[in-house]
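What follows is a single structure, written as structure tokens, with notes after it.
The values are calculated or read from the model by the stated rules, or taken from the named source; none is laboratory data. It should be emphasised that the depicted structure is a prediction, and the values quoted were computed from it without experimental measurement. FYI the Cβ positions are ideal-geometry reconstructions off the backbone, even for glycines, and counts take in every protein chain you see. The area values use the complete protein model at the heavy-atom level, side chains included, leaving out ligands, DNA and RNA. Shrake-Rupley method; radii C 1.70, N 1.55, O 1.52, S 1.80 Å.
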Amino acid sequence: QVQLVESGGGLVQAGESLRLSCVASRIIFSVNIMGWYRQAPGKERELVATMTSDGITVYADSVKGRFTVSRDNAKNTVTLQMNSLKPEDTAVYYCARATAGVFTTTPAGYNYWGLGTQVTVSS
């Protein structure tokens, strides 16, 4: 069974930064498309960023220029660097693995998920 474990969430003030990490196990990490999603209370889960195995990235418009996704295949890790955080970034952030061979931005296209890490940005 694939396991994804997120870390790095916390409480910060607006304008500050956080770095989230996701460690994957029991998969051949290097060939997988990995994504970061978030879900705020009362809202649907939404894409933050996704990254293919060869480095192609897609970002939500709301985070472009502020967030950066990267991966270290040797460490089975995908990272989300979040700068200039805003209160509207407050959510639970999830790491996810896309269904093999599928490059999509919709949550339905991801078949393994971590438990999530809370990010809270105060104003």
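Quick notes on this structure:
- Residue count for segment 4-20, restricted to those that are out of contact with any Phe, Trp or Tyr (no Cβ under 8 Å at 6 or more places or on another chain) and either open to solvent by less than 30 Å² (accessible area, probe 1.4 Å) or not hydroxyl-bearing (Ser, Thr, Tyr) (or both): 11
- Considering segment 58-116, the residues that are open to solvent by 50 Å² or more (accessible area, probe 1.4 Å) and among the acidic types (Asp, Glu) include one that is nearest to GLY9 (Cα to Cα), namely GLU88.
- Any hit, segment 3-24, residues being under 23 Å from ASN111 (Cβ atoms), assigned to a strand (DSSP E or B) and more than 15 Å from the chain's Cα centre (by Cα): no
- Condition check for ASP61: assigned to a loop (DSSP other than H, G, I, E, B) and modelled with pLDDT under 95: no
- The numbered conditions (1) assigned to a loop (DSSP other than H, G, I, E, B); (2) within 19 Å of ALA108 (Cα to Cα) are all true for ASP54 except (2).
- Enumeration of residues in segment 31-51 that are of a type outside the set (A, V, I, L, M), open to solvent by 50 Å² or more (accessible area, probe 1.4 Å) and not in a strand (DSSP E or B): PRO41, GLY42, LYS43, GLU44, ARG45
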